[in-house]
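Worksheet for the structure shown next.
The values are calculated or read from the model by the stated rules, or taken from the named source; none is laboratory data. Note that the coordinates shown come from a computational prediction; the quantities given were computed from them, not determined experimentally. Using ideal geometry, Cβ is built from the backbone for each residue, glycine included, and neighbour counts are taken over all protein chains shown.
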Amino acid sequence: MISDTEVKALLADDLRCIGCGAKIQTTDPKAVGYTPLSALKKGFDKEEVLCQRCFRLRHYNEIQPVDLTDDDFRRLLSQIADTKALVVYVVDVFDVAGSIIPGLHRFVGHNPILLVGNKVDVLPHSVRRSKVKDWIRQQVNIAGIHPEEIMLTSAKTGDDIGPLLDQIEQARHGQDVYVVGVTNVGKSTLINQIIREVTGQRQEVITTSRFPGTTLDRIEIPLDDETNLIDTPGVIHADQMAHYLSAKDLKYVAPQKEIKPRTYQLNAGQTLFAGALARFDFIQGARAGFTAYFDNNLMVHRTKLTNADRFYEQHAGGLLVPPSEDELVNLPPLQRHEFKTTMKTDVVIEGLGWLTVPANTVVAGWAPKGVSVLTRKAMI
């Protein structure tokens with residue numbers, strides 16, 4: 001086993017956690033990068049130098065809070081503007097609005113952006129990829145972000161990683177590659193897939209979790225003798241649906257399997273609840289089918305519009321879950337957004353899913369205050 005003297009020498013030489021990139025330290029259990037000395041020595045023997053936080057996350061799927069602010073994350077990202085590099089910007093196809101990094105152009109400077117739409121594997125097969133790309137481009141353009149190219153992939157399954165790597169190699173022109181994104185878009189999982197594709201290494205290298213915010217500092221992965229693929233911390237976006245849910249309820253906003261559509265025949269004056277997280281009111285129009293695209297385990301309940309407010313008050317946290325009753329206090333009040341459709345339209349609750357509604361209807365979508373409710377031309 002490695003000696004205490006050798007460990008201290010390595011610590012003095014800027015030893016980093018292979019999971020999150022934080023500098024390893026053995027003195028302050030509450031600070032970033034802490035690991036007990038005994039655990040660190042065992043880690044060397046197993047060639048697995050992990051901070052205590054990443055060790056518990058990897059082996060027990062437990063997240064521990066860290067004292068890093070949004071400003072800390074943004075300071076790390078701001079270094080990109082001073083370099084010449086390719087920026088790979090990862091967004092969640094289910095939460096494009098929640099994936100927007102405000103002021104991204106200031107962080108990346110004049111560097112080109114390759115945008116990656118992740119989690120495409122859970123979209124119904126009937127969704128055309130060209131429509132998904134068009135939708136993403138429209139949303140990021142509104143935010144002043146103009147990517148050179150948009151690629152769709154699944155970090156979970158590894159689908160389309162080869163074509164993505166080809167595109168990265170073509171676009172980087174021998175320069176470093178920075179991977180950026182808000183928390184919970186699957187950025188570190190994507191990088192793990194890239195490492196597997198390039199090296200054939202099967203073991204997970206970068207700490208990944210459903211929990212937002214697991215990469216604490218930049219992590220450099222060599223692409224060749226002179227350039228690196230650099231994973232940056234996820235920027236915390238407070239309006240993401242995932243931030244309002246406990247660990248056990250995150251599965252409802254992060255589907256793991258292909259979503260199966262559910263169609264409901266509705267008359268005007270009826271309401272659909274998606275757990276306690278969202279609500280759709282059919283206000284005006286002829287009887288028609290409305291198709292819901294949410295996680296397959298998320299229960300959808302139908303009631304009369306005139307009774308909807310009372311139904312929510314009585315059943316939120318009970319019949320209407322998630323969130324559970326004890327977590328309901330953390331959920332902002334639902335806010336109403338009304339739309340009149342002239343064509344078949346998707347009413348999108350960012351980070352949760354969407355409801356496809358027919359033309360010539362008046363509908364209202366409700367979501368926790370701060371979560372975006374948008375419309376788009378129907379994807380299917």
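Of the numbered criteria (1) crowded, with 19+ Cβ neighbours inside 10 Å; (2) at negative phi; (3) touching a Ser or Thr at 6+ places or on another chain (Cβ under 9 Å), the one residue 119 fails is (2). All of (1) at pLDDT 95 or above; (2) surrounded by 23 or more Cβ atoms within 10 Å (Cβ to Cβ); (3) closer than 23 Å to residue 126 by Cβ hold for residue 261 with one exception: (2). For region 329-339, indicate whether the set of residues that are modelled with pLDDT of 95 or more, within 19 Å of residue 124 (Cβ to Cβ), surrounded by 15 or more Cβ atoms within 10 Å (Cβ to Cβ) and under 22 Å from the mean Cα position of the chain (by Cα) is non-empty. The answer is no, given that none of the residues of region 329-339 is modelled with pLDDT of 95 or more, within 19 Å of residue 124 (Cβ to Cβ), surrounded by 15 or more Cβ atoms within 10 Å (Cβ to Cβ) and under 22 Å from the mean Cα position of the chain (by Cα).
Confirm whether residue 291 is modelled with pLDDT of 95 or more, in the same structural domain as residue 362 (by TED's automatic domain parsing), in contact with a helix residue (DSSP H, G or I) (Cβ under 8 Å, 6 or more places away or on another chain) and surrounded by fewer than 20 Cβ atoms within 10 Å (Cβ to Cβ). In short, no.
The residues of region 27-49 that are within 24 Å of residue 218 (Cβ to Cβ), out of contact with any helix residue (DSSP H, G or I) (no Cβ under 8 Å at 6 or more places or on another chain) and polar (S, T, N, Q) amount to a single one, 27. Checked against the criterion of being in contact (Cβ under 8 Å) with a residue 40 or more places away in the chain, farther than 15 Å from residue 232 by Cβ and of a type outside the set (S, T, N, Q), region 175-184 has no qualifying residue. Let me spell it out: the conditions are (1) touching a residue at least 24 places away in the same chain (Cβ under 8 Å); (2) under 18 Å from residue 374 (Cα atoms), and residue 134 meets all of them except one. Which number is the exception? Only one criterion is unmet by residue 134, namely (1). Looking at 182, 205, just one residue is modelled with pLDDT of 80 or more and touching a helix residue (DSSP H, G or I) at 6+ places or on another chain (Cβ under 6 Å), and that residue is 182. Among residues of region 300-324 that are in a helix (DSSP H, G or I), those with a Cβ under 8 angstrom from a residue that is crowded, with 16+ Cβ neighbours inside 10 Å and acidic (Asp, Glu), sequence gap 6+ or separate chain, pair up as 305/281; 308/281. With respect to being surrounded by 12 or more Cβ atoms within 10 Å (Cβ to Cβ), touching a helix residue (DSSP H, G or I) at 6+ places or on another chain (Cβ under 9 Å) and modelled with pLDDT of 95 or more, residue 279 fits the description.
Restricting 227, 232, 214, 199 to residues that are closer than 21 Å to residue 119 by Cβ and either at pLDDT 70 or above or surrounded by fewer than 16 Cβ atoms within 10 Å (Cβ to Cβ) (or both) narrows the list to 232. Specify the residue that is surrounded by the fewest Cβ atoms within 10 Å (Cβ to Cβ); the eligible residues are those in region 73-116 that are charged (D, E, K, R) and either within 20 Å of residue 219 (Cα to Cα) or in contact (Cβ under 8 Å) with a residue 60 or more places away in the chain (or both). Looking at residues that are charged (D, E, K, R) and either within 20 Å of residue 219 (Cα to Cα) or in contact (Cβ under 8 Å) with a residue 60 or more places away in the chain (or both), I get 82. Within region 235-246, residues that are under 13 Å from residue 369 (Cβ atoms) and in contact (Cβ under 8 Å) with a residue 40 or more places away in the chain sit with their Cβ atoms under 9 Å from residues that are in a loop (DSSP other than H, G, I, E, B) and among the hydroxyl-bearing types (Ser, Thr, Tyr), at 6+ positions apart or across chains, in these pairs: 239/372.
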